[in-house]
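Reading through the structure tokens given below for one structure.
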Amino acid sequence: MLQMVATKHCCWGECKSVSRFPHLLHPALKKRLQERKPIFLPFPKKSQGLERCLRWVNACGRGKDFTVDKVTKYTYICYLHWPGEVGPTKEFDVPLKATLKPKEVLKATKPKRKAPLARHAVPSKRRKSGSNQDNSHPVVDEAHVNDYVSDSAEVIENSGLENDQEKSAKSRDFATQTMWP
């Protein structure tokens with residue numbers, strides 16, 4: 001007894017792949033057929049996952065008439081409409097959009113870049129504020145500010161900084177002079 005097999009049509013964009021005429025198939029599909037691999041994938045049903053079904057319907061680009069409600073057990077898509085013409089993979093589980101231009105198809109089929117490496121935190125040299133704070137630096141309040149300013153002015157006066165600057169200027173002048181015999 002012969003069993004009737006339904007003719008499968010690809011519903012992606014304006015694809016004309018039909019299982020009834022194997023001699024008219026795309027060369028990649030002919031190769032899959034010779035290897036006894038399937039050339040048509042059934043559409044994901046609404047009951048199996050609405051989000052995935054919506055993404056496939058959107059990728060087919062058939063217009064407003066083709067909705068999730070129109071997907072039946074006879075709705076198929078051929079393997080040509082994924083990058084590399086190999087069908088869904090972990091990276092590309094949705095077919096390419098039918099409305100893409102050739103440049104956009106190339107961009108969409110490029111492998112995705114690797115995720116950046118995780119950064120390791122560099123320990124900072126500053127201490128974190130908390131219970132074990134370093135209390136070696138005194139806290140200056142307004143009452144002691146004037147005492148602090150007057151003490152620092154005395155230190156600057158007694159340092160002899162001006163004499164050091166004069167000595168270094170004289171030594172520079174001496175080094176640049178030429179000696180005549």
Quick check on ASP69: is it surrounded by fewer than 12 Cβ atoms within 10 Å (Cβ to Cβ), at negative phi and in contact (Cβ under 8 Å) with a residue 12 or more places away in the chain? yes
Test GLU35 against the stated conditions and say whether it is out of contact with any helix residue (DSSP H, G or I) (no Cβ under 7 Å at 6 or more places or on another chain), more than 21 Å from SER17 (Cα to Cα) and of a type in the set (D, E, K, R). no
How do the pairs read when you match residues in segment 87-110 that are within 17 Å of CYS15 (Cβ to Cβ) and exposed (fewer than 10 other Cβ atoms within 10 Å of the Cβ) with residues anywhere that are at pLDDT 80 or above and among the hydrophobic types (A, V, I, L, M, F, W, C), using Cβ under 6 Å and keeping only pairs 6 or more apart or on different chains? none
All conditions in (1) touching a helix residue (DSSP H, G or I) at 6+ places or on another chain (Cβ under 6 Å); (2) without any contact (Cβ under 8 Å) to a residue 24 or more places away in the chain; (3) buried (at least 16 other Cβ atoms within 10 Å of the Cβ) are true of SER19 except (1)
Tell me which residues, restricted to segment 1-42, are of a type in the set (A, V, I, L, M), in a loop (DSSP other than H, G, I, E, B) and more than 24 Å from THR99 (Cβ to Cβ). MET1, LEU2, MET4, VAL5, ALA6
Select from segment 72-86 the residues that are at pLDDT below 85 and either outside any helix (DSSP H, G or I) or among the β-branched types (Val, Ile, Thr) (or both) and write down the one among them that is surrounded by the fewest Cβ atoms within 10 Å (Cβ to Cβ). VAL86
Tell me whether segment 13-29 contains one or more residues that are within 31 Å of the chain's Cα centre (by Cα) and closer than 26 Å to ARG113 by Cα. no
Return a yes/no flag: does segment 29-37 have any residue that is of a type in the set (A, V, I, L, M, F, W, C), touching a Leu at 6+ places or on another chain (Cβ under 6 Å) and in contact (Cβ under 8 Å) with a residue 24 or more places away in the chain. no
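The values are calculated or read from the model by the stated rules, or taken from the named source; none is laboratory data. Note that the coordinates shown come from a computational prediction; the quantities given were computed from them, not determined experimentally. Because the Cβ atoms are built from the backbone with ideal geometry, glycine has one as well, and the counts that use them run over all protein chains shown.
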